[in-house]
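Q: Pasting a structure below so you can have a look.
The values are calculated or read from the model by the stated rules, or taken from the named source; none is laboratory data. All values derive from a computational prediction rather than experimental measurement. In this analysis, Cβ positions are derived from the backbone assuming ideal geometry, glycine residues included, and neighbour counts consider all displayed protein chains. Only protein heavy atoms, including side chains, enter the accessible area calculation; ligands, DNA and RNA are left aside. Shrake-Rupley method; radii C 1.70, N 1.55, O 1.52, S 1.80 Å.
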Amino acid sequence: GKAVVGLASRKHQRTSGPVEVTVRDALNQAMDEELERDERVFLMGEEVAQYDGAYKVSRGLWKKYGDKRIIDTPISEMGFAGIAVGAAMAGLRPICEFMTFNFSMQAIDQVINSAAKTYYMSAGLQPVPIVFRGPNGASAGVAAQHSQCFAAWYAHCPGLKVVSPWNSEDAKGLLKSAIRDDNPVVFLENELMYGVPFEMSEDSQSKDFTIPIGKAKIERQGNHVTLVSHSRFVGHCLDAAAVLAKEGIECEVINLRTIRPMDVESIETSVMKTNHLVTVEGGWPQFGVGAEICARVMEGSAFNFLDAPVTRVTGVDIPMPYAKILEDHSLPQVKDIIFSVKKTLNV
């Protein structure tokens, strides 16, 4: 009953301008609309059907679409990721959910060797239209084996597209694009963002709404320093920017949205304006997303515009501790971003 009421009220809302939608519901809308639009689309993973999803992202979909389209799997990532990749090669368009991306390690052979490399190795004859999605990065109090960010791991591999949304509009528009894309897409959600409501424009409530993969978004204009981030830490950057604005420091905040292909052009354009760059991510520092941004800026035309070295704000270079106070110290906090900005600007 609840799901039906939800759908009815959502239809009602579509005519009435912006509405508040949680990231969880935005992802649910995206999958619902794409399942309805294209009968080749199906969802498989642990607990996605009868239980309504471990994080309730697939709530109501099994009741609506049934066993053929929403498939509960055993706890065997290697197995069900393999089935999903085979289904994609045979002409279906699977969405493969991992309960956390840490468990995609069980299936990394399927993700990289089977999905990512096949289109190229078949000289463009065999597309693999598949979306691997689920929570990525640290949640709260779940220790090292559930807390790693895989943005850099997967973005390292040609053949994959890697998407990391922040708010509800990102989540909906990018997931729809990912499902429609003929390439394998790794879609990195964040467990701590699922329940966060964001305003969604009237535009984004349409069934035709998509966000192009590979384009960053400027979330806040500024002319003193560029902050580049993805996923949950975009919010931290905006919070830091609000504090710094009171001190007369105007930050330009860029939400990457896509890790691969990376929108270097938007970063360079911003750096040419602000002359300073700070990157922020929840992942580890070595060979991270920020490290790649540093290298790209170093090699490109924006380098000559920098008035200070690029600064990286990252997670700490350790497996995630279980204790809450240590966990907090292992991830970027707003104060860390403020400190880095001031250091970069020599304030």
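Q: Collect the residues in region 151-167 that are farther than 10 Å from I259 by Cβ and within 11 Å of the chain's Cα centre (by Cα), keeping them in residue-number order.
A: Result: P165, W166, N167.
Yes/no matrix, rows are residues, columns are (1) open to solvent by 70 Å² or more (accessible area, probe 1.4 Å); (2) within 22 Å of the chain's Cα centre (by Cα):
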position	(1), (2)
T274	no, no
P285	no, yes
R296	yes, yes
T314	no, yes
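Q: Only one of E34, E47, E20, E39 is under 20 Å from G173 (Cβ atoms), open to solvent by 70 Å² or more (accessible area, probe 1.4 Å) and at pLDDT 95 or above. Can you tell me which?
A: Exactly one of E34, E47, E20, E39 is under 20 Å from G173 (Cβ atoms), open to solvent by 70 Å² or more (accessible area, probe 1.4 Å) and at pLDDT 95 or above, namely E20.
Q: Give region 178-233 a look and list any residue that's within 27 Å of M99 (Cα to Cα), aliphatic (A, V, I, L, M), free of Cβ contacts under 8 Å to residues at least 60 places away in the same chain and assigned to a strand (DSSP E or B), or say none.
A: Within region 178-233, just V185 meets the criteria.
Q: For region 194-204, indicate whether the set of residues that are farther than 30 Å from S16 by Cα and not aromatic (F, W, Y) is non-empty.
A: No; the residues of region 194-204 include none that is farther than 30 Å from S16 by Cα and not aromatic (F, W, Y).
Q: Can you work out which of the residues in region 87-141 that are among the basic types (K, R) and closer than 17 Å to C157 by Cα is most open to solvent (accessible area, probe 1.4 Å)?
A: Restricting to residues being among the basic types (K, R) and closer than 17 Å to C157 by Cα, the top hit is K117.
Q: If you don't mind, there's one more thing I want to ask. If I go through region 257-273 residue by residue, how many of them are outside any helix (DSSP H, G or I) and farther than 25 Å from W153 by Cβ?
A: Initially, region 257-273 is screened for residues outside any helix (DSSP H, G or I), giving 257-263.
Filter once more, keeping what is farther than 25 Å from W153 by Cβ: none.
Of the residues in region 257-273, 0 are outside any helix (DSSP H, G or I) and farther than 25 Å from W153 by Cβ.
Q: Against the condition more than 19 Å from the chain's Cα centre (by Cα), in contact (Cβ under 8 Å) with a residue 12 or more places away in the chain and within 23 Å of G214 (Cα to Cα), how does M320 come out, does it pass?
A: Details: more than 19 Å from the chain's Cα centre (by Cα): yes; in contact (Cβ under 8 Å) with a residue 12 or more places away in the chain: yes; within 23 Å of G214 (Cα to Cα): no.
Judged against the criteria, M320 is not a match.
Q: Another one. Residues to consider are C149, C157; find the one that is surrounded by fewer than 21 Cβ atoms within 10 Å (Cβ to Cβ) and closer than 15 Å to V289 by Cβ.
A: Numbers: C149 fails: surrounded by fewer than 21 Cβ atoms within 10 Å (Cβ to Cβ).
Exactly one residue qualifies, and that residue is C157.
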